[in-house]
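Trainee: Sharing a structure here in structure tokens format.
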Amino acid sequence: MSQYRRLAVPGGTIFFTLRLQDRNARLLVERIDLLRMAMRLCKDRWPFDIEEAVVLPNQMHVILTLPQGDADFSKRWRLIKSVFSRHVDRPAVVSDSMQRRGEKGIWQRRFWEHQIRDKADYQQHRDFLLLAPVREGLVARAEDWQYSSIHRTGGMGRVFGAVVAAE
């Protein structure tokens, strides 16, 4: 069995990518209200700040900052994914390994994370995140995608003043 080692930086700013199991699904945008509710519920229990986010039909990218003294982002994603999964229908096909683990088959088992190191690293990941809808062919301009923090943070040209882990 693989051993995953995750960097634990209390109060860190981290970039995440989470994907649905079905690459053709549109569940995240079809049930955006449910995803937002799951995120709010988690933030109420275990606070964090969303610096940037984009939700695509089958994946999402998020830059978040944890509170000082707290490095446990895994429990946050576990809660968000489980709340979301509990309120949607099980897919028609769920692998045997997922069924054995008691998984519903909505999300890919893990997520990808990257610890933000400095302002340049933050900007690089912010640009990647905000341009995701364009790369996926969903819109011609990042500003045209409605499920993006680009509307909150002032567009592609502005550097959002996020707290970074190491400066």
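Values quoted throughout were computed directly from the atomic coordinates according to the rules given, and no laboratory measurement underlies them. Because the structure is a prediction, the values reported are computed rather than measured. FYI the Cβ positions are ideal-geometry reconstructions off the backbone, even for glycines, and counts take in every protein chain you see.
Trainee: What ³J(HN,Hα) values, in whole Hz, does the Karplus curve 6.51 cos²θ - 1.76 cosθ + 1.60 give for segment 70-78 when θ = phi - 60°, with x put for Gly and Pro?
Mentor: 10, 10, 8, 7, 4, 5, 5, 5, 4
Trainee: Still on this structure, I have one more. Starting from the 7 Å offset along Cα-to-Cβ, what nm value, one decimal, do you get for the label separation of residue 33 and residue 87?
Mentor: Result for the modelled spin labels: 0.9 nm.
Trainee: Right, something else. Stretched out fully, how many nm does the piece from residue 110 to residue 45 gain, at 0.36 nm a residue minus the Cα gap?
Mentor: Numbers: separation 65, 0.36 × 65 = 23.40 nm, distance 2.15 nm.
Gain on stretching residue 110 to residue 45: 21.3 nm.
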